[in-house]
Every structure is written in C-alpha cells, then in structure tokens.
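Asks: The structure's right below; bear with me while I get my questions together.
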Amino acid sequence: MTEKVIPLADHRYAAALPRIPAQPITPTGLLSDTLGRPLRDLRISVTDRCNFRCGYCMPKEVFDKHYQFLPHTSLLSFEEITRTARLFAAHGVQKIRLTGGEPLLRKHVEVLVEMLAQLRTPDGEPLDLTLTTNGSLLARKAQALKDAGLKRITVSLDALDDAIFRRMNDADFPVADVLAGIEAAERVGLGPIKVNMVVQRGVNDHEIVPMARHFREHFGGRVVLRFIEFMDVGETNGWRMDQVVPSSEVVTRLHDAFPLQQIDANYAGETAERWAYADGRGEIGVISSVTHAFCRDCNRARLSTEGKLFLCLFATQGHDLRSLLRGGFSDEQIASAIGLIWQGRGDRYSELRGAQAAEAGSGQRRVEMHYIGG
C-alpha cells in the first residue's frame, strides 16, 4: 500500500489506529461481538460543546471559559458522518441517535438529519433516526428537524421546579423553555417523545413524583418519562454511590403514588425497564446501569465528535476511524476495520464495576459523556 498521511487525533483520550484485516469482512448485517451481541445501535456525537453545565456531565469548575473544546476542523463533516453511518448500517445498525454535547448547537444539524434519513438497512428499511437534546433550542428547531426526516426525540429534563432546574443546569436556563420545546416537538410529530431524568439523592430525587404527575396530566401518556441512575461516567462528575437512587426505589415511590405494573421490553437490548400505569395513562421507564447492569444485551457503538469509535459508555480506549476516513481508504477497507473492531469487542464495564474501580489507577481516563453522548 502506498504511504498515506494520517491526521493527528485529539490526545485527551487514547485511540488506536484501526487495523484493516488481510481478508475483507464483508457486511452482511449479522455482525456479532465476542459475547454474541449484534451491532444494532450507533450513537453519534456531533459536537462536544453544550450550553448547560450539569454537574453529572460537564461541571462548570472543569468546563469553564478556559476549557479547550475541539476546533471545527477536528470534527467529522456531515459527509464523513453519513459515510460512516452507511457502513455501520451495512453491518446491521438499525438505529442512529444524534447526541453531543448539545447536538442542536451544531450549525445546520438538520442538513445532517436529511442526509442520514436517506440511508437504508440491508433489507431496504429506513433507519430509526432520533436525537437527544437538553431542549434549550428545541422549540425553534422542532419543525426543521421533522421536515428533514427526524423520527423521534429524547429530551433531558432533571426537574420541574425552576429553581432546582436552574441550579442543576448551572446556566440559569428556565424550565419553561424546555417544556415549550417538548410541546413543540409533540406538535410537529416528533414522537413518541421520551424525557430522561438523571436522579441524584439529595439533589432532585424529591422531583420524581412531581415529574410523573406532570407528564401524566399534561400529555396523557404521549410522553414516556424515564429515570436514570446517576452513573460514574468520565472522571469529572464527582460520582458517589451514596448519591445513586436505585431504580427499585424509584419504582416503589411512583407505585405508591400511581400504581404500576411491569410490561415487556419493546425490543432486545432496550436499556429501560418498562412500567405501565395501572389506570392506562401511559408508562415510565427506569435505566439501572449501576444497580442492575444490562451489558449482556448491549448492542450500541458510539462515534465521538472527531471520529473515534468507542464500544462502551465507560471506555478508556477508542478507535480512530477519522484517520481512515481522511486517509484515502476505501469503503471496503473501512467496513472491514469496523467489522474487526466489533468482532473483538468484549466490553462489560457495568457488570465488572467493582473490579474496574479497583483498577482505576491504570492511568487511563474514562471518556467524558459530553464527548460521546449518553
């Protein structure tokens, strides 16, 4: 092979140069890892920037005005993202979620949505194309996103009480504007809408029942509220086990207020355990990545803003796909590299959390959530 110039990657997180196997790995849509887990879900971070400074993700004392975010030239272009997504779809990915940072901060993100909406699975089906946002720009962007081909949206919202919400987002952003964004998303047909609440004991856990009551009464089951255990993602959020409210406790609190009954998952590998209101007014979900790991069914890959592929939310090592995208390699070569990476995947951090914590002195940093999305 002729000599190629490989662009340097950001050195905050380790990233290996992907190996291209001698024998091509032809995409069949049936790619599996070492534990037999298929590749079905690709989460793409389109920016590492955010206009919130939530303590569990981007605490202000770390991500202050002096923090050096990635320069625009380091970010994957929309064409590079679409090319990569097409190769992942050929390997079996059925769902793409755009994340960040805050993805709506990426200029003209609706153009990327339109490009991704043209992709198809090996069976000729359109991909399930969705986006996660903090809702701050959603009211003004909802119609453009829908028109571009976005199917669904997930909104992060950690409290209804305005003072608590402003304190948690640490940007003095009002909760009313996020609620207006959710209403706009429903109005244009970006549904079913999911609302994610990260629960921290002593911070916002007293908002669990008020949140459920609000979405039951104002949306009549058309919004699915999901409660997420506070996770030890990255190295900067000050995670402590005593701030984790177990999902079992969340369910108990809600059941006491609004009787619940457990229902089946929508699909294999779904992260949320589903509970329906006994009176038929919708459902809630709980995501128990700390107290009840779901690694054995995890079918998700994550592509960072600058094109590093991570196989686990808690990863310390990535794979530098951007070097292949910008190094003149063919689709066949890049698809083979992706195939080899996934075939070697054995990640199951949450199942091994105790042992992993004991090895925390290895010197490698876990990737931050804003860099690869949640």
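The values are calculated or read from the model by the stated rules, or taken from the named source; none is laboratory data. Here the structure is a predicted model, which is why all the values come from computation and not from measurement. Glycine also receives a Cβ, built like all others from the backbone with ideal geometry; neighbour counts cover every protein chain displayed. The protein model used for the area step is the full one, side chains on, heavy atoms only, and it has no ligands, DNA or RNA in it. Shrake-Rupley method; radii C 1.70, N 1.55, O 1.52, S 1.80 Å.
Asks: I'm trying to understand the selection: among the residues of region 266-288, which are open to solvent by 60 Å² or more (accessible area, probe 1.4 Å), among the charged types (D, E, K, R) and more than 25 Å from MET241 (Cα to Cα)?
Replies: ASP279, ARG281
For every residue, the table says whether it meets (1) out of contact with any Ser or Thr (no Cβ under 8 Å at 6 or more places or on another chain); (2) among the polar types (S, T, N, Q); (3) open to solvent by 20 Å² or more (accessible area, probe 1.4 Å); (4) at pLDDT below 95.
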| position | (1), (2), (3), (4) |
| --- | --- |
| VAL209 | yes, no, yes, no |
| HIS214 | yes, no, yes, no |
| GLU217 | yes, no, yes, yes |
| GLY220 | yes, no, yes, yes |
| ARG226 | yes, no, yes, no |
| VAL233 | yes, no, no, yes |
| MET241 | yes, no, yes, yes |
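Asks: Would you point out the residue of region 180-193, among those that are under 19 Å from GLY282 (Cβ atoms) and either open to solvent by 30 Å² or more (accessible area, probe 1.4 Å) or touching a residue at least 60 places away in the same chain (Cβ under 8 Å) (or both), that is farthest from the chain's Cα centre (by Cα)? Steps first, answer last, please.
Replies: Filtering region 180-193 down to residues under 19 Å from GLY282 (Cβ atoms) leaves 182-183, 185-187, 189-193.
Subsequent filtering for residues that are either open to solvent by 30 Å² or more (accessible area, probe 1.4 Å) or touching a residue at least 60 places away in the same chain (Cβ under 8 Å) (or both) retains 183, 186-187, 189, 191-192.
Details: GLU183: 22, GLU186: 21, ARG187: 24, GLY189: 21, GLY191: 17, PRO192: 17 Å.
Taking the candidates together, the pick is ARG187.
Asks: THR291 - would you say it is open to solvent by 30 Å² or more (accessible area, probe 1.4 Å) and among the β-branched types (Val, Ile, Thr)? Break it down stepwise before answering.
Replies: On the way: open to solvent by 30 Å² or more (accessible area, probe 1.4 Å): yes; among the β-branched types (Val, Ile, Thr): yes.
Yes; evaluated as a whole, the condition is true for this residue.
Asks: What pairs come out if I take residues in region 27-48 that are closer than 12 Å to ASP297 by Cα and open to solvent by 30 Å² or more (accessible area, probe 1.4 Å) and pair them with residues that are modelled with pLDDT of 95 or more and in a loop (DSSP other than H, G, I, E, B) whose C-beta lies under 7 Å away, six or more apart or interchain?
Replies: Listed pairs, sorted by first residue: PRO38/LEU31; PRO38/GLY92; ARG40/GLY92; ARG40/VAL93; ARG40/GLN94.
Asks: Need the failing condition index for ARG366 against (1) modelled with pLDDT of 90 or more; (2) of a type in the set (D, E, K, R); (3) in a loop (DSSP other than H, G, I, E, B); (4) closer than 22 Å to CYS54 by Cβ, just the number.
Replies: (1)
Asks: Can you give me the number of residues within region 157-179 that are in a helix (DSSP H, G or I), open to solvent by 40 Å² or more (accessible area, probe 1.4 Å) and touching a residue at least 24 places away in the same chain (Cβ under 8 Å)? Walk me through it before giving the result.
Replies: Kept after step one, since they are in a helix (DSSP H, G or I), are these residues of region 157-179: 162-169, 175-179.
When the remaining residues are screened for being open to solvent by 40 Å² or more (accessible area, probe 1.4 Å), the result is 162-163, 166-167, 176-177.
Adding the requirement that they be touching a residue at least 24 places away in the same chain (Cβ under 8 Å) leaves 177.
Going through region 157-179 one residue at a time, the tally reaches 1.
Asks: Show the residue pairs that are 6+ apart or on different chains and have beta-carbon atoms under 9 Å apart, the first residue being within region 266-294 and without any contact (Cβ under 8 Å) to a residue 60 or more places away in the chain and over 15 Å from MET231 (Cα atoms), the second being basic (Lys, Arg) and assigned to a strand (DSSP E or B).
Replies: Short answer, once both residue conditions are applied: ASN266/ARG274.
Asks: Any residue in region 278-290 that is assigned to a loop (DSSP other than H, G, I, E, B) and within 16 Å of VAL93 (Cβ to Cβ)?
Replies: As a first pass, look at region 278-290 and keep what is assigned to a loop (DSSP other than H, G, I, E, B): 278-282, 288-290.
Now drop any that are not within 16 Å of VAL93 (Cβ to Cβ), which leaves none.
Checking region 278-290: not a single residue is assigned to a loop (DSSP other than H, G, I, E, B) and within 16 Å of VAL93 (Cβ to Cβ).
Asks: Would you call PRO103 at pLDDT below 95 and under 19 Å from the mean Cα position of the chain (by Cα)?
Replies: Working: at pLDDT below 95: no; under 19 Å from the mean Cα position of the chain (by Cα): yes.
For PRO103, the condition - at pLDDT below 95 and under 19 Å from the mean Cα position of the chain (by Cα) - is not met.
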